[in-house]
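The values are calculated or read from the model by the stated rules, or taken from the named source; none is laboratory data. Quick caveat: nothing in here was measured; it's all calculated off a predicted structure. Quick reminder, even Gly has a Cβ in these numbers, built from the backbone with ideal geometry, and neighbours come from all protein chains shown.
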Amino acid sequence: MRSFAALLLAEVRNFTRDKLMLFFTLLFPVVFILLFGFLFSGMGDAERAEVGFVLESAHNEELLLSVLSEAGVGNTISFPDREELEAAISDHRVDFGLIWTGDDLRFLYDPGRLQENVAFQQIAGGIAAEFDMRAQGAQPAITVHRIHAGEIESTGWFNLVLPGILAFTILSSGLFAVSGHLTQMKERKILDRLIVTPMRPTALLIAIAIVRLVVGLISTFITLGVGMLIFRLNFTVDWVRYILFVVCSTLGTMGLGTVIALLVRRPSSAGNLANVLAMIMMFLAGIYFPIEFMPGFLRTISAGLPLTHMANVMRSVTGVMDMSDIRYWLTTAAFLGLAIVLFPLMARYVVKPLRR
Amino acid sequence: MKGIFALARAHVIAGIREKDTLFWFLVFPLFLLTILTLIFGRLGQDPEIHFTIALIDREAASSDAAFSPSAIVRELFSSLTLSETPGERPLFSLRTPASTDALDAFQEKEIEQLRRGNRAAVLVIPPGFDRNVLQSLQAGGQSPQPSVEAGLQLYMSQTSVASETAAAIIEQILAGLDRNLLAQMGLYDEAASIDVVTEWTQQEQADSEVPYVNYVLPSIVLMGFFTTGLFGVPGTILYNREGKVLRQYWVTPLSVRQYLLGFGVGHVIFCAIQFALVLLLGRLAFGATLQFSSWHTVLLLILASATFLAFGFLITSFARSANGGMAIANILNMPMMFLSGMFFPIVGLPIFLMILVYANPVTYVLEALRQSVGIQAGTLMPWPWPVLVPLLWILVCSAVAVRRLRWDVGS
């Protein structure tokens, strides 16, 4: 036990002395959140959409103004002509535009805002349908009432992104933690010295895991806190499930990291491989782009990635996504299972001095 | 001269042989172009889009009307479970209660499935729906809005994009059906309906949408150049310095200036290879139509490559070790890319971030390139700033590198 405590202390010192590692583990996710928070806050939000319009004809003008005022958008702004409207769209003073010629409704979009245009086109479709119907003096015979069935109320897009970023942080640090550290120890020949002591290989892996686990947990707390404080994001966090999942998923991804440690010899290669895997998963796991937008074959790949499930559980424990209890427990158990299987299995192969 | 080209050749070959370099500088831009185009290039036109929804007709049991709108709704959604093209998935998979199912229990179960993400929407036809629709039609479309209870109930989840999308599609389908019914009753004239036209700003032909691949291609090209400069330059020079490879160069007649020239030529060739591959993929696989052949576009590409090369030297001159260089590059990478409008529009940023946007050389070369290939009308700053700012960065970076960069370990 004393030797394990010494090993643990050495790991703590090693980690706290590595300023770069500290920065990337604790502060880099915060930089991410700040950057994306400012870039994405309010993106594609229909209720805050600013709609510019030009009335080239007085025909049905009052009716159109009435429809626009009831469209449920953030603001409507009048422009004297198309040129000024286009300039406002290009400068992002308005989100999209509408021109009423007297015969047709022309909706103008900025092609650069492709991710948001789908939402804007839905709003435009609603405005056009309502105006068309009322212009003919008709009322819909079939009405549809949307009822939100989820237990969780609607959240902004960034509310869904932030737990995804937390999951990505856990994954990338987990993958790199063991692989990078072990390869570094091998390269610096520290492992050569440790291995001739009575230290058990698993004890070293556990010591590394404990330190990274605590740091990872703190990192997710800081990131979540920054999101809630600066961007006023609302999360209803189930702390018990949150901590349990962060612990199990960090251990699970560290287990996957031991496989990387087995495959590469240099710390830079371990970092690169971990980075490559994490980056590929980030794009396919629906962290920034909804999985539903992807083609069928990518959706299938996405369903097989650990990060997809990590992001969904993080959304569930932060209260922005519904998830059944059984799905939560199965996912958590799967990550814990990965750690339980991979750590002892890989320990004897990866805690070895570098072959020369 | 021969030495310079030999160095350039060595630089390119080393880059291609190194697996990490090959992935980040050649494979990753291609991967990103593929992923982004597959996702965003198909928005709203995905033939593979498929939703599992439930339809519960609570009217069927109570209605004995000869004209039954609820039956029409049922038939309409049943028809959408059939694929138009053999081998293709239909728009919907429809779950309906069996004759032995209790409707309340079935509805409850399906709404629970919706909450768990296993259904995209649940559409309920309430009792009295037929009577209400008929009353509305008989009143000549002038009746007051039917009550909430009489309308179709569309259960969806606001926290699921699939559910939001499915709900929007279902509403469009039902709006179409509504117009048909009104038209049949002479209450709505399809011929007199108001035309809706979709147009795009900054286009020569306003009604032609820019394919997403055209929009993203200049970004991917510059991202490739940027990462090659940001990571490639410090990576190569600092690892070579640490591994004492540079020291071996200095015992040959090669001067630092010749080395730099060879390195620069190699960097530009690497960028050209990267550009050619990205362009080929964009054109052949995704139908990009952009032309990069005008002289000012070519000059802009060279300017971009040179700017990021200089930026790489700036990082190299501040880093004490190769790992330190990579760390600085990693720290700068994301902010510089995302604060240039490369992948997301720069809208409503606070002033301190806007200062970074204006100081960022990537912003200028990106905007100038987009304008040059015809997918952007104006730039953040008027000409000649989009060229002057990157040139200024090249000058500053070069001056700092000349003063600070160490070419040997311990020098």
Scanning region B:270-319 for residues that are in contact with a Leu (Cβ under 9 Å, 6 or more places away or on another chain) and outside any helix (DSSP H, G or I) gives B:288, B:290, B:292, B:319
Positions within region A:92-122 being more than 17 Å from residue A:65 (Cβ to Cβ) and among the aliphatic types (A, V, I, L, M), in sequence order
A:108, A:114, A:118, A:119
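Here are some residues: A:104, A:110. Which one is under 16 Å from residue B:347 (Cα atoms) and of a type outside the set (A, V, I, L, M)?
Details: A:104 fails: under 16 Å from residue B:347 (Cα atoms).
The match here is A:110.
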Criterion first (part of a loop (DSSP other than H, G, I, E, B) and within 10 Å of chain A (Cβ to nearest Cβ)) does residue B:179 satisfy it?
no
Going by the structure shown, is residue B:133 in contact with an Asp or Glu (Cβ under 6 Å, 6 or more places away or on another chain) and among the aliphatic types (A, V, I, L, M)?
no
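Does any residue of region A:72-83 turn out to be within 7 Å of chain B (Cβ to nearest Cβ), part of a loop (DSSP other than H, G, I, E, B) and farther than 30 Å from residue A:286 by Cα?
If we filter region A:72-83 for residues that are within 7 Å of chain B (Cβ to nearest Cβ), which is where we start, we get none.
Within region A:72-83, not a single residue is within 7 Å of chain B (Cβ to nearest Cβ), part of a loop (DSSP other than H, G, I, E, B) and farther than 30 Å from residue A:286 by Cα.
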Within region B:85-138, tally of residues that are modelled with pLDDT under 85 and of a type in the set (Phe, Trp, Tyr):
0
So, residue B:407, is that one more than 14 Å from chain A (Cβ to nearest Cβ) and in contact (Cβ under 8 Å) with a residue 24 or more places away in the chain or not?
yes
Just name the residue that is nearest to residue A:28 (Cα to Cα) out of those in region B:321-348 that are over 24 Å from the mean Cα position of the chain (by Cα) and not β-branched (Val, Ile, Thr).
B:327
Within region A:36-71, which residues are assigned to a helix (DSSP H, G or I), modelled with pLDDT under 85 and within 11 Å of chain B (Cβ to nearest Cβ)?
A:36, A:37, A:38, A:39, A:40, A:46, A:48
Under 9 Å between Cβ atoms, which residue pairs at least 6 apart in sequence (or on different chains) link something in region B:36-47 that is more than 16 Å from residue B:210 (Cβ to Cβ) and of a type in the set (Asp, Glu) with a partner that is part of a helix (DSSP H, G or I) and modelled with pLDDT under 75?
B:46/A:293
